[in-house]
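Beneath this line is the structure, given in structure tokens, with notes to follow.
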Amino acid sequence: MESRLDYFGHPLAGKVLKHINSASKVVSDSTLPLATQELVKIRASQINGCGFCTDMHTKDAIAAGETAQRLHLVAAWREAKVFTDAERAALELAEQGTRIADAAGGVTDEAWRNAAKYFDEDQLVALLSLIAVINAYNRINVINQQPAGDYQPGQFG
């Protein structure tokens, strides 16, 4: 598979990515737990069919100490007993926030209230922002057909 263009090497794309990466850094520096951040990025990337981001975030999660069992079960998190209630609430919000067009009402009040039980307001802002940012990355990579499999943890900084 070849990407449609060298997005990561293009000067205009570099300017765009600078801002998206800045937003991503704000989220990663927040108090939202790192494990939750990676699980959300992986699940949104799976839903969007973004192989590049799925590869990146599973490798980053492993490098951060995540277990293979939990990573194998992200796509089936509802049936898996290995996730905390807070992680499950974040995954539900990520799914609904990623599949906005699939439901007339968008994200349900129930999903929001459930997430609010486990995360304070700063963490909710980080979670909401993370869902938006990973969806932006996914769309860039899917539209460009960015190949997956070569990412090395820490490759982008």
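The values are calculated or read from the model by the stated rules, or taken from the named source; none is laboratory data. The model shown is predicted, which means the values in this text are computed figures rather than measured ones. Note: ideal-geometry Cβ built from the backbone for every residue, glycine included; neighbour counts use all protein chains shown. To get the accessible areas, we keep the full protein, side chains included, count just its heavy atoms, and leave off ligands, DNA and RNA. Shrake-Rupley method; radii C 1.70, N 1.55, O 1.52, S 1.80 Å.
A few points about this structure:
- Over the chain, accessible surface divided per residue gives 56 Å², non-protein components excluded, 1.4 Å probe.
- Sequence of V16, V82, V27 from largest to smallest accessible area, 1.4 Å probe: V16, V82, V27
- Stokes-Einstein diffusion for the range 48-108, with the hydrodynamic radius set to the Kirkwood value over Cα pairs and evaluated at 20 °C in a medium of 1.002 mPa s, equals 167 µm²/s.
- Between 0 and 90°, nearest 10: helix 121-144 axis offset from the chain longest Cα axis: 40 degrees
- Across all Cα atoms of the range 104-154, the radius of gyration (one decimal) and Dmax (whole number) stand at 15.1, 39 Å.
- Using the Cβ of F8 as centre and a radius below 13 Å, the other residues enclosed give a net charge of +1, where K and R count +1 and D and E count -1.
- Taking the protein heavy atoms of the chain in the context of the full set of protein chains, the accessible area attributed to carbon and sulfur is 56 percent at 1.4 Å.
- Taking one quarter of the surface of the C-alpha convex hull of the range 66-157 gives a mean projected area of 7.6 nm².
- Sum of -39500 (n - 2.57) over DSSP H runs of 4+, divided by residues of the chain (222 nm, nearest 500): -20500 deg cm²/dmol
- M1 accessible area, assembled protein chains, probe 1.4 Å, Å²: 150 Å²
- Estimated translational D of the chain in µm²/s (Stokes, Kirkwood radius over Cα pairs; 37 °C; 0.692 mPa s): 205 µm²/s
- Loop-located trypsin sites (Lys or Arg not before Pro) in the range 72-121 (DSSP state not H, G, I, E or B) with no more than 16 neighbouring Cβ atoms inside 10 Å: K81, R99.
- Full extension of the chain segment joining S3 with Q155 gains 52.9 nm, where the gain is 0.36 nm per residue of separation less the Cα-Cα distance.
- Summing charges over neighbours of L71, with a neighbour being any other residue whose Cβ is under 13 Å away from its Cβ, gives -1 when K and R count +1 and D and E count -1.
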